[in-house]
Amino acid sequence: MTAVTRRELLLGTIGACIAPIAPTRASAEPSRTRLILLGTGGGPTPKKAVSAPATLIIANDTPYLIDCGDGVARQWVLAGVSLLKLRHIFITHHHSDHNADYGNLILLAWATGLVSRVDTWGPPPLAKMTKLFLELNAYDIQTRIKDEGRQPLQPLVHPHEFQQGGIVMRDENVTVTSTLVDHPLVSPAFAYRFDTADRSIVISGDTARSERLIALARGADVLVHEAMWLPAIDAILARNPNASSLRKHLVDSHTAVADCGKVAAAAGVKTLVLSHLVPGGDASITDEMWMNAASQHFGGRIVVGKDLMEIP
């Protein structure tokens, strides 16, 4: 894979905003396993410039979705992927910016015409959440079954819970492995590694710098890591009456961008993708600033994630 130069990044090969029509590749080289960033902004509040966290891996034309932030169904469609292909959803942890549209994605795919099984994976209480969501929307579901002749939704959805790291699932396209990461007070919280025939991709989830994540990502082709810009956080917190406790939460639960570079270097990955950016959509934090901070400790390829960007 050809390395991308900083000049290319600054000229917009990777750093430019992506038009919301279809994913744009970070370079022209194709790959059988596709990696598309559906949403790259961290935090639960809706933002004008970026969508909530969601990442799509497509292996042999089968999509594997990691996290379901607000608006994920629309981002999926904007990426040019049919909702009828929905098969697997992986939730890293139960914060609303990662699971707010978990049920909605399934419901909207079904309303689009989905008739295939959907397996979902993540920590408890995933099964209870699934059951309650179907109960919440029972009126709409039953009405559409009667009015539109749709098959029942509940038998299609199969949640799988786990609380420790290890092999999550394996099929003909991919082996998915998880590890516990550090995101207090949310526990358990997981990172995932996807190993396909041609690529290895790791999604950090939300975490402080984690030795377990480094071990999971060892030798991976791509590490998609959450990133936080502390100076901007401090400026925001200066206006918050609970600044000290909120700052402690952020520092204990997330990774400053310079430390993302340290994690990538320690794991020996080829490409570091910065995503789940906090604060997300802040125009005062340029791509060069994100890259300069991460490149202090990592000499490999660095990509500043944008919504609907495809990483080859």
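Each reported figure results from applying straightforward, stated rules to the coordinates on display, with no laboratory input. None of these values were measured; they are calculated from a predicted model. Cβ: placed from backbone, ideal geometry, glycine included. Neighbour counts: every protein chain shown.
Observations on the model:
- Full extension of the chain between residue 132 and residue 112 gives 5.1 nm of extra length, using 0.36 nm per residue less the Cα-Cα distance.
- By average C-beta atoms within 10 angstrom, highest first, the peptides 245-254, 209-218, 115-124, 230-239: 209-218, 115-124, 245-254, 230-239
- Against the main long axis of the alpha-carbon atoms of the chain, helix 243-253 sits at an angle near 80°.
- When peptides 93-100, 293-300 are ranked by their average number of other Cβ atoms within 10 Å per residue, the highest-first order is 93-100, 293-300.
- Sequence of 288, 310, 148 once ranked by neighbouring C-beta atoms within 10 Å, starting from the fewest: 148, 288, 310
- In sequence order, calculated HN-Hα J values of the stretch 225-231 (Karplus, 6.51, -1.76, 1.60; Hz; x Gly/Pro): 10, 4, 9, 10, 9, 4, x
- Euclidean distance of C-alpha centroids, the stretch 157-189 and the stretch 49-116, integer Å: 17 Å
- As a length-normalised measure over Cα pairs under 8 Å and 6 or more apart, the relative contact order of the stretch 100-164 settles at 52 percent.
- Prolate/oblate/rounded call for the stretch 144-274, Cα gyration tensor, a/c under 1.5 rounded: oblate
- Residue 187/residue 62 FRET efficiency (R0 22 Å; Cβ-Cβ; nearest 0.05): 0.15
- With both labels modelled 7 Å from their Cα along Cα-to-Cβ, the residue 212 to residue 172 distance reads 3.3 nm.
- The chain, helix-only ellipticity at 222 nm - DSSP H runs n ≥ 4, -39,500 (n - 2.57), divided by all residues, nearest 500: -8500 deg cm²/dmol
- Neighbour-count ranking [beta-carbon atoms within 10 angstrom, fewest first] of 81, 222: 81, 222
- For 34, 74, order by how many other beta-carbon atoms lie within 10 Å, fewest first: 74, 34
- A protection proxy built from the mean count of other Cβ atoms within 10 Å ranks the segments 260-272, 41-53, most packed first, as 260-272, 41-53.
- Nearest-ten-degree value, helix 102-112 long axis tilted from longest Cα axis of the chain: 50 degrees
- Cα long-axis angle, helix 257-267 against the chain (0 to 90 degrees, to the nearest 10): 80 degrees
- Gained length - residue 234 relative to residue 143, 0.36 nm times residue gap less alpha-carbon distance: 27.8 nm
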